[in-house]
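Enquirer: Let me begin by handing over the structure; questions about it come next.
Values quoted throughout were computed directly from the atomic coordinates according to the rules given, and no laboratory measurement underlies them. Note that this is a predicted model, so its numbers are computed, not measured. Positions of Cβ are backbone-derived with ideal geometry, glycine not excepted, and every protein chain shown enters the neighbour counts.
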């Protein structure tokens, strides 16, 4: 009796969701993936789930645009609960990081990453975490502030 309930009829194949498709990864509604917290002039966006589907990336883009327009402190995107990061999301984050580095920017941009797959996706887009940047730093080369102070002493 139990075997007949769980058996698959001949000629049909039971379809299992593939982990490579975006629909299987981002199960939540895009608004449920993001949560914003405002404190002391800074805004933190907590991202959970996968940022692979177009709707999830568009929701993140809209939230980031609002946050960067309003914030004069630090905009932090917390990816510690993020399980997947697509190329569109990494390009979006890279664009906001580059904008925050310009002198005209009113805010600073910070990323917190947890999963190694998210760190690898960020590194593929050219965004290194502090830990990865420390690992890739060439030994024997002085830090930037040391280099600046030495060059200013030489030219003076």
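Enquirer: Which of the peptides 51-64, 115-128 is most tightly packed, and how do the rest follow, judged by the mean count of other Cβ atoms within 10 Å per residue?
Expert: Most protected by this proxy first, the peptides run 51-64, 115-128.
Enquirer: Could you estimate the translational diffusion coefficient of region 27-129 from the Stokes-Einstein equation, with Rh from the Kirkwood formula over C-alpha pairs, at 37 °C and 0.692 mPa s, in whole µm²/s?
Expert: Details: Rh = 13.5 Å.
In µm²/s, the coefficient is 243.
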